[in-house]
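The values are calculated or read from the model by the stated rules, or taken from the named source; none is laboratory data. As the structure is a prediction and not an experimental result, all values here were calculated from the model. Cβ atoms come from the backbone with ideal geometry, glycine included; neighbour counts cover every protein chain shown.
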Amino acid sequence: MQAPPQNRALLERASRTLLDPLGQRLAAAVQWWQLPPLAGEWPVAVLGEGPPLLLLHGFDSSHLEFRRLAPLLAPQQQLFIPDLHGFGFCPRPEGGRYSPAAVLEHLERVLEAVLQRSGAAEVGLIGASMGGAAAMELARRRPEQVERLLLLAPAGLSGQPMPVPPLLDQLGARFLGLPAIRRGLCRTAFAQPDRDVGPAELEIASLHLRCPNWAGALATFARSGGFAGSGSPLPPQPVEVIWGRDDRILSRPQKQAVQSLLGERITELEGCGHLPHIDQPATVARLWHV
């Protein structure tokens, strides 16, 4: 089975036409990998040179959210930026499994492929929002293959899974697809939306919604309950956290739970929202390389 033709076509067009030139370059860096025993071909952006670094995006997003951070990290490391299973431009067959377990199964195959292609014994790992929870779970599963972690405004480290009931999951997915709702969510993620959210940001935030079965996969993932409680026990590797003081996505209880887990390993950025890698990519890159 090859890559879904609609998804491949979307990315190929994006590499030429996205309003954000950094988004164009990252879309152009996508390769389509076979990851047996998983069927099909899976998108992974690959760029840079040096020790391997795996970057994991957040909920209902894609590899394109790293478009500002990637050019700052690529001179020193080889970056591998997959779309998470069920998200981004991944294949979403009808009746597929869309859950945290499926996300992690896919990531283990990605990690194996990264180590094989790079010839390295271990990787660095950066996870943003829900990608932070996935990063923690992956690090616990593969402790000898993950060197260290940086979590950017991590979500899903505390609490319990909250499955969305049938019908409501489908209504919720359709609701998230409404242009006005996408615009509102995008604005909420930024510290200064009037300055930073324009047509280029909105285009990237919604491009993957055109992939076949986007709503169905999202509804199934919501029905699974999503990532929760992924912060405990802490993995054995070094873990650091960066988040924004003006984050309007993470609730106060979520931040308090992360503080109780990671304490002094948290760096809070002024004038930053839920997306440190977009709001302040140079600071994130500097702190990663400290």
Quiz prompt | Leading residue by the ranking (nearest to LEU138 (Cα to Cα)) among those in region 237-260 that are part of a helix (DSSP H, G or I) and in contact (Cβ under 8 Å) with a residue 12 or more places away in the chain | solution = VAL258
Quiz prompt | All positions within region 182-220 that are farther than 26 Å from ARG13 by Cβ and crowded, with 20+ Cβ neighbours inside 10 Å | solution = ALA191, ALA219, THR220
Exercise. Given the conditions (1) surrounded by fewer than 18 Cβ atoms within 10 Å (Cβ to Cβ); (2) in a loop (DSSP other than H, G, I, E, B), report the number of the one that CYS272 does not fulfil.
Key: (1)
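Test GLN280 against the stated conditions and say whether it is of a type outside the set (D, E, K, R), under 24 Å from LEU19 (Cβ atoms) and crowded, with 16+ Cβ neighbours inside 10 Å. First the steps, then the outcome.
Details: of a type outside the set (D, E, K, R): yes; under 24 Å from LEU19 (Cβ atoms): yes; crowded, with 16+ Cβ neighbours inside 10 Å: yes.
For GLN280, the condition - of a type outside the set (D, E, K, R), under 24 Å from LEU19 (Cβ atoms) and crowded, with 16+ Cβ neighbours inside 10 Å - is met.
Within region 11-119, considering only strands (runs of 3 or more DSSP E) that don't extend past its boundaries, which have at least 2 residues that are under 22 Å from HIS274 (Cβ atoms)? Outline the logic, then answer.
Working: elements: 30-34, 41-48, 52-56, 78-82.
The strands (runs of 3 or more DSSP E) meeting that bar are 52-56, 78-82.
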Practice problem: Determine whether region 221-236 contains at least one residue that is surrounded by 15 or more Cβ atoms within 10 Å (Cβ to Cβ), aliphatic (A, V, I, L, M) and not in a helix (DSSP H, G or I). | Solution: yes
Quiz item: For region 54-73, how many residues are aliphatic (A, V, I, L, M) and under 25 Å from ASN213 (Cβ atoms)?
Solution: 3
Quiz prompt | Single residue of ILE242, ILE249, ILE204 found to be at pLDDT 95 or above, touching an Asp or Glu at 6+ places or on another chain (Cβ under 7 Å) and β-branched (Val, Ile, Thr) | solution = ILE204
Practice problem: Specify which of the listed residues (GLY119, GLY48) is free of Cβ contacts under 8 Å to residues at least 12 places away in the same chain and farther than 29 Å from GLY177 by Cβ. | Solution: GLY119
Quiz item: Taking region 120-144, which residues are more than 23 Å from HIS277 (Cβ to Cβ) and of a type outside the set (D, E, K, R)?
Solution: ALA121, PRO143
Practice problem: Quick one: which residue in PRO212, PRO233 is closer than 21 Å to LEU151 by Cβ, in contact (Cβ under 8 Å) with a residue 24 or more places away in the chain and out of contact with any Leu (no Cβ under 8 Å at 6 or more places or on another chain)? | Solution: PRO233
Quiz item: If we keep just the residues of region 29-81 that are of a type in the set (D, E, K, R) and crowded, with 20+ Cβ neighbours inside 10 Å, which is farthest from VAL123 (Cα to Cα)?
Solution: ASP60
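Select from region 194-209 the residues that are touching a Leu at 6+ places or on another chain (Cβ under 8 Å) and farther than 17 Å from GLY131 by Cβ and list them in ascending order.
The initial filter retains those residues of region 194-209 that are touching a Leu at 6+ places or on another chain (Cβ under 8 Å), namely 199-200, 203-205, 207-208.
Passing the criteria: PRO199, ALA200, GLU203, LEU207.
Test of understanding: among PRO161, PRO100, which residue is under 29 Å from ALA257 (Cα atoms), surrounded by fewer than 17 Cβ atoms within 10 Å (Cβ to Cβ) and in contact (Cβ under 8 Å) with a residue 24 or more places away in the chain? Quick ask: steps written out before the conclusion?
Details: PRO100 fails: surrounded by fewer than 17 Cβ atoms within 10 Å (Cβ to Cβ).
Among PRO161, PRO100, only PRO161 is under 29 Å from ALA257 (Cα atoms), surrounded by fewer than 17 Cβ atoms within 10 Å (Cβ to Cβ) and in contact (Cβ under 8 Å) with a residue 24 or more places away in the chain.
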Quiz prompt | Residue check for SER251: over 18 Å from the mean Cα position of the chain (by Cα), among the polar types (S, T, N, Q) and surrounded by fewer than 19 Cβ atoms within 10 Å (Cβ to Cβ) | solution = yes
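Could you pull out the residue among LEU202, LEU171 that is more than 20 Å from the chain's Cα centre (by Cα) and part of a helix (DSSP H, G or I)?
Numbers: LEU202 fails: more than 20 Å from the chain's Cα centre (by Cα).
When all the criteria are applied, what remains is LEU171.
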